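The values are calculated or read from the model by the stated rules, or taken from the named source; none is laboratory data. All of these numbers come straight from a predicted model, not from anything done at the bench. Positions of Cβ are backbone-derived with ideal geometry, glycine not excepted, and every protein chain shown enters the neighbour counts.
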Amino acid sequence: MSKYEDIPEVTPAVAAEQWGNGSAIIVDVREHEELAQARIDGVLHIPLGELHLKIESIPQDTDVYMLCHVGQRSAMATDFLRQVGHTRVWNIRGGIIGWARSGLPIKMPGED
């Protein structure tokens, strides 16, 4: 049983729809080198280890969806942000793997 199983989540499709219509932001908490493997253009990138240093760049008046590789680190990030007072933050279930499996657009190496 994971300590993060009670973290609020959304599906990749819900996150993509809300982000696409401008009513939410996505924060990718993966490391810099992971972005070279696959990324979503236009999302905010803050590696998990830097989140506490850049918390002011995450709005509290907008829905925020957290993303990582498979959803574990972004669950940690969601938990952290909720503990410090962010109420409009959710984990994207399955991370970028779930995003890709849902058929949503990602950039792969060499697709610039």
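Odds and ends about this structure:
- Some residue of segment 11-27 being in contact with a strand residue (DSSP E or B) (Cβ under 6 Å, 6 or more places away or on another chain) and free of Cβ contacts under 8 Å to residues at least 24 places away in the same chain: no
- Residues of segment 99-112 satisfying the condition of being in contact with an Asp or Glu (Cβ under 9 Å, 6 or more places away or on another chain) and in a loop (DSSP other than H, G, I, E, B): 105, 106
- Those strands (runs of 3 or more DSSP E) of segment 1-98 in which 3 or more residues are touching a Lys or Arg at 6+ places or on another chain (Cβ under 9 Å) and either at pLDDT 95 or above or farther than 22 Å from residue 111 by Cβ (or both) occupy 63-67.
- Identity of the residue in segment 68-108, among the hydroxyl-bearing types (Ser, Thr, Tyr) and free of Cβ contacts under 8 Å to residues at least 60 places away in the same chain, that ends up surrounded by the fewest Cβ atoms within 10 Å (Cβ to Cβ): 87
- Test for residue 46: is it within 20 Å of residue 20 (Cα to Cα), touching a residue at least 24 places away in the same chain (Cβ under 8 Å), of a type in the set (Val, Ile, Thr) and in contact with a helix residue (DSSP H, G or I) (Cβ under 9 Å, 6 or more places away or on another chain): no
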